[in-house]
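The values are calculated or read from the model by the stated rules, or taken from the named source; none is laboratory data. None of the values given here were measured: they were computed from a predicted structure. As a convention, Cβ positions derive from the backbone with ideal geometry for all residues, glycine included, and neighbour counts pool all protein chains shown. Calculation scope for accessible area: heavy atoms of the full protein, side chains included, ligands and nucleic acids excluded. Shrake-Rupley method; radii C 1.70, N 1.55, O 1.52, S 1.80 Å.
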Amino acid sequence: AYERRFPTCPLIPMFVASDTVNEYKSEDEAIHVIERRCKLDIDAPRLLKKIAGVDYVYFVQKNSLNRRERTLHIEAYNETFSNRVIINERCCYTVHPDNEDWTCFEQSASLDIKSFFGFESTVEKIAMKQYTSNIKKGKEIIEYYLKQLEEEGITFVPRWTPPVACELESSTSHTRRPVSPAINIPDSATKEGLNSKEILNTSGSPSEPTAGTPDDKLDADYIKRYLGDLTPMQESCLIRLRQWLQETHKGKIPKDEHILRFLRARDFNIDKAREILCQSLTWRKQHQVDYILDTWNPPQVLQDYYAGGWHHHDKDGRPLYVLRLGQMDTKGLVRALGEEALLRYVLSINEEGLRRCEENTKVFGRPISSWTCLVDLEGLNMRHLWRPGVKALLRIIEVVEANYPETLGRLLILRAPRVFPVLWTLVSPFIDDNTRKKFLIYAGNDYQGPGGLLDYIDKEIIPDFLGGECMCEVPEGGLVPKSLYRTAEELENEDIKLWTETIYQSASVFKGAPHEVLIQIVDASSVITWDFDVCKGDIVFNIFHSKRAPQPPKKDSLGAHSITSPGGNNVQLIDKVWQLGRDYSMVESPLICKEGESVQGSHVTRWPGFYILQWKFHSMPACATTNLPRVDDVLASLQVSSHKCKVMYYTEVIGSEDFRGSMTSLESSHSGFSQLSAATTSSSQSHSSSMISR
C-alpha cells in the first residue's frame, strides 16, 4: 500500500514527481532498498521562491523493506539548500509482537536552519506547517491505498519465507530484534499532529485537562465579570496553571486574564501554555517590559511620523487601534530610529492595549480581553516591500505573537491595493491560524457596503479619512526627512538592546578617498547583492575584480588607507600602484548615484577571486562650451561642503548552489522614495550590466 504513492500521489498535491536513482534487492529477496529523488512544490510565498531562485525543492527518500524482520524503514533528507537548511525525517512500520494484525508506526523529524536570505523564521514556519500536514494525512493516505487494494481483491500478502538453502543458516544466525509495544493513538492527538513518542510522553500528564475538585472552583460572579464563559475543564486548567506559577515562578504573577490568553492560544493544553507563558515572563523581566509605559518616552520622530493611534472602541466594547499603514514611511522610520526603537514602540502599544482592556472591562461590566485593529492601506505600494523594512515587520510580528497571544479580537483591513497579496504572502506564515481567522479584508470602497465597517464600528466614531464624521487624531505619517537618518554607530549609541542591531553599515566618502568593501568569491556564478542609501553628496558606484587579494588597509590616522570619522568609516583597498586592466578589472559599468537616492542591485560573478565594491566621490563636470561654472555646479559645490559624502550600505552573497538564475527580485534599481530623488530623471531607471554576464 505504501509503495503505491509513487511516482506521484494525488492525495499529496505538493508531491509533483519522483525518479528512482538507486535500487537493491538481496538474492533471497528479503531485503529491498529503493532510493528516489522526489520533486516537491512547497506551499511557500511566491516572493520567497523568487528570492531563493527556485520553483521546486528536491528531497532524497530511501525506503528499506526487510521482509525477514517485517519492517519498513523510511529515511528522507533535503537536497535543495542542504548547506543552509538540514531536514531529516525517519519513519518506521513494524509488526506488533503480540498481535500480528496490528502495525506499529513511528515518525520523527529534525530541522536545522543555518541561514536563508534573512527569512529563517518564515522557512521554519513553512517547514513545521508542511510536517504537521504530512502527519495529519499519513493515516488517511495509507488507508486510501489499502482500500484500493481491497477493491482489487488483494486482502492478503503471503509472508516471506527463506529459500531452502538459506533456511537453516537464517534460523541459526538471525535473532529477531525487539519491537516497541503498540499504543492506542487517540483521535485528538492525531488531529494535533503529534507523533507516537509525544503521545507516550504526554499520556496521563497534567496537559490533559480534567475537571477540578470542589476546592478548585473560582467564584462564579468573578468568572462572569472578568473572565467570560468557562467550562469546568477550562476553569480547572486556569487554576492549575496559576497554582503552578505561584509555587515555582519567582517574580510577578500575571493576572488571570493574561494566563487565560496563553491557555486559549494552546487550546487549553497546560504543558504547551506553561512553556510559552514561562518564556514570555522571562522575556518581560529581561527587557523590563512591565515598566515600559512609565519609563520610556517615544522619540519625537515616532510621534510625528508613525501613523497609528488609539481611537474610541468598537461595538463590542473592544479598544480600537487605527493604523494608516499606507501613509507610513517604514524605510524612513527604520533608517531614523532602527528596528529596536520601532519594536519598543509596538510593545508600548500592546501594553497600552492591555491597560485599555482592563478599563473597558470595568466600564462595560463584562470581560474584554482583546482589541480591534483597523488598518487603512490607502497609499500602499511596492516601496513598502523594502526588504529590511519587511524583515523588521516580520520580527515585530514574531515578538508580538509570542508574548501577546489572543489579544487581537478583530483586524479590519481597508482599501487593500493590488500589491497587498505580495505583502500578505510574506507576513501570513508568521501569524497564528487562530489569529488569521479574525482578519476581514476589504478592497476599494467595499468597506462602505453591507457587511462593512458599520457592522463593527458605530457610525459616530468612523474616522474622517474613511468618510466618517469623527475627527481622528492619528498622525498622517508622510516621508521621514533624510536629515533625520542616523548611522549604525549612532543607533548603537542609543543603548537599546532588545534584539538585533541594524544590518546596515555607514561609510564616509571623500574627494580622492573612496570607500571600498572586499568580497571573496570561491565559487563562480555566486550572486553579490547590495542595498545602499546616498545620505549626503553624489557618488559613483563601481565593482572591480582581482585575482589576488589587496593588502589589508593600514590603520594610520594620517594616511589615506583608513579614515574613521563620526559619520562612518572610510577604507581603501586598491593600492595606488595597481593599474586598471593589469592588476584588476571593472566588471560593471560605473553607476552615478545622486544624494537622497536608494539603490538595490546584484552582480552574478563569472570568476572566483576578490571583488571590490567601491563608492567614489562624484565631481560635477564643468560646462564644455565655457570656462564659467554652471549654476548647478555651484549649487552642488555648496551642498557638498568639504568634499564629503556619506552612504549607508548592506551587502550579501548568495551561493551558486542556492541560486537558480532568477533575477526578478535582484535587478539593480533606484528607489524614488525620497523628496530629493523625486526630481531626478534617472531615479526610476534600471542599471545592471551584470545581466550580460548571466
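So here's what we get for this one:
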item: Filter result for residue 29 (at pLDDT 85 or above, open to solvent by 40 Å² or more (accessible area, probe 1.4 Å) and assigned to a loop (DSSP other than H, G, I, E, B)); result: yes
item: Among (1) within 29 Å of residue 265 (Cβ to Cβ); (2) touching a residue at least 40 places away in the same chain (Cβ under 8 Å); (3) open to solvent by 50 Å² or more (accessible area, probe 1.4 Å), the one test that residue 458 misses; result: (1)
item: Index of the failed condition, residue 108 passing every other in (1) open to solvent by 40 Å² or more (accessible area, probe 1.4 Å); (2) of a type in the set (S, T, N, Q); (3) under 16 Å from the mean Cα position of the chain (by Cα); result: (3)
item: Hits in the range 287-311 (condition: among the hydroxyl-bearing types (Ser, Thr, Tyr) and more than 24 Å from residue 461 (Cα to Cα)); result: 291, 295
item: Output for the range 292-331, where each listed residue is within 24 Å of residue 419 (Cα to Cα) and open to solvent by 60 Å² or more (accessible area, probe 1.4 Å); result: 327
item: Total residues in the range 401-423, condition open to solvent by 30 Å² or more (accessible area, probe 1.4 Å) and outside any loop (DSSP other than H, G, I, E, B); result: 6
item: Per-region count, the range 85-102, residues open to solvent by 20 Å² or more (accessible area, probe 1.4 Å) and at pLDDT below 85; result: 6
item: Cross-chain or 6+ apart pairs with Cβ under 8 Å, the range 2-14 first and under 19 Å from residue 135 (Cβ atoms), then of a type in the set (Phe, Trp, Tyr) and open to solvent by 60 Å² or more (accessible area, probe 1.4 Å); result: 11/144
item: Every residue from the range 247-290 that is over 27 Å from the mean Cα position of the chain (by Cα) and modelled with pLDDT under 85; result: 247, 248, 249, 250, 251, 252, 253
item: Qualifying positions in the range 437-482 - closer than 16 Å to residue 379 by Cα and part of a helix (DSSP H, G or I); result: 465, 466
item: Residues satisfying the stated conditions in the range 220-236, i.e. acidic (Asp, Glu) and within 21 Å of residue 359 (Cα to Cα); result: 221, 229
item: Answer residue from the range 65-84, given it is within 28 Å of the chain's Cα centre (by Cα) and not in a strand (DSSP E or B) and is surrounded by the most Cβ atoms within 10 Å (Cβ to Cβ) among those; result: 81
item: Single condition residue 538 does not satisfy, out of (1) open to solvent by 20 Å² or more (accessible area, probe 1.4 Å); (2) under 13 Å from residue 615 (Cβ atoms); (3) in contact with a Lys or Arg (Cβ under 8 Å, 6 or more places away or on another chain); (4) modelled with pLDDT under 85; result: (4)
item: Conditions (1) modelled with pLDDT of 85 or more; (2) surrounded by fewer than 16 Cβ atoms within 10 Å (Cβ to Cβ); (3) part of a helix (DSSP H, G or I): number failed by residue 128; result: (1)
item: Checklist (1) open to solvent by 10 Å² or more (accessible area, probe 1.4 Å); (2) assigned by the TED database to the domain that holds residue 253 applied to residue 280, failing item; result: (1)
item: Residues being open to solvent by 70 Å² or more (accessible area, probe 1.4 Å) and touching a residue at least 60 places away in the same chain (Cβ under 8 Å) - total across the range 226-266; result: 2
item: Test: residue in the range 630-645 that is at pLDDT below 90, among the hydroxyl-bearing types (Ser, Thr, Tyr) and open to solvent by 80 Å² or more (accessible area, probe 1.4 Å); result: yes
item: Residue within the range 42-64 that is crowded, with 16+ Cβ neighbours inside 10 Å and in contact with a His (Cβ under 7 Å, 6 or more places away or on another chain) present; result: yes
item: Subset tally (residues that are open to solvent by less than 40 Å² (accessible area, probe 1.4 Å) and touching an Asp or Glu at 6+ places or on another chain (Cβ under 9 Å)) for the range 370-383; result: 4
item: Wholly enclosed helices (runs of 4 or more DSSP H) of the range 294-390 bearing at least 2 residues in contact with a Gly (Cβ under 6 Å, 6 or more places away or on another chain) and in contact (Cβ under 8 Å) with a residue 12 or more places away in the chain; result: 330-337, 339-364
